[in-house]
Amino acid sequence: MSYVNRRNWKRKSSGFGYSDKGGIRLRTVIIFFFLLFLVFEIISSMFFTSYKVDSISMEPTIPSGSVVLTSPLMYGAEIPFTSIRIPGFRKPNRGDIVVASPAFHQLMPWYFRAADSIIRFFTLQKRGIDQERNWVTSKSIKRIVGIPGDTVRMTDFEIQIKPEGKNYFFSEKEIMQVEYSIERYSTPGNLPDDFPLSGNMNEIRLGPDDYFIMGDNRSRSNDSYYWGPVGSNNITAKVLLEYAPEIKMLQ
């Protein structure tokens, strides 16, 4: 039978050399990684978040397989572990490439969001649970082509915009402050404008908090053309640059 004398008891060690130094080291490691995760969560939730693009909807601007860096703070970031959103530097504008979700987007339960954050932490933001779930809960990277007050229509996959207070339409290339190319495919003639693959769309006037977002690859993009405008709360970050497989700024 072992014994613990008074002196060794105060030192938290037994007569046989037992020590809790291993436990102290483990707690130190756990605390270190917890603090590191907390810092990571604050930075990724409020300042910079990266996403791997698994869709061709933004080609040729952003090829499938690219990794992009985004800024939630630009339009107003959410405080980690809450639904509180702080004011951003500016409102979304035409031509911005953004991270967004449709109006019927379903927010993941808190435990999925926590697991998603942990996975992003250990994969350096390259993977996440939302990338493995269905398109109802996932986020998309699109371009804003219409802002509140605009009237938008589409002819042969090209957007035409009548800004609020104007009496005529501009083509998207005329009114945008950025340059980009769009991809489209040939469609059979005489398709009605309300046919999903016609490439044409009747006029839509955007409300005071409506944004019309589309992919640059108009023939392969699931966007506002199909499910309508989105509100500002559905736009969560501005895409700043692509950093893999190459580094380039994105407008």
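Coordinate-derived values only; no laboratory data. Just so you know, these numbers come straight off a predicted model, no measurement behind them. Neighbour counts are summed over all protein chains in view; Cβ atoms, including those assigned to glycine, are modelled from backbone coordinates with ideal geometry.
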Q: Note down the nm distance, to one decimal, between modelled labels 7 Å out along Cα→Cβ at residue 248 and at residue 43.
A: 2.7
Q: Could you tally the net charge around residue 223, taking each other residue with its Cβ under 11 Å from the Cβ of residue 223, Lys/Arg +1 and Asp/Glu -1?
A: +3
Q.
Between residue 30 and residue 54, how high is the FRET efficiency from 1/(1 + (r/R0)^6) when r is the Cβ-Cβ distance and R₀ = 35 Å? Nearest 0.05.
A. 0.55
**Q.** Calculated FRET efficiency for the pair residue 123/residue 205, C-beta based, R₀ 45 Å, to 0.05
**A.** 0.60
Q | Estimated distance in nm for a label pair at residue 90 and residue 177, the labels positioned 7 Å out from Cα along Cα-to-Cβ | A | 0.4
Q: Would you mind calculating the gained length between residue 158 and residue 83 on full extension (0.36 nm times residue separation, minus the Cα-Cα distance), in nm to one decimal?
A: 23.4 nm
Q) So who's got an amide H within less than 5 Å of the one on residue 147, skipping anything under 5 residues away but keeping other chains? H placed 1.01 Å off N, in plane. A) 212
Q: Go through 53-66, 212-225, 22-35 and give me the packing order, highest mean Cβ count within 10 Å leading.
A: 212-225, 53-66, 22-35
Q: Go ahead and run the numbers for FRET between residue 233 and residue 21, Cβ-Cβ distance against an R0 of 51 Å, rounding to 0.05.
A: 0.50
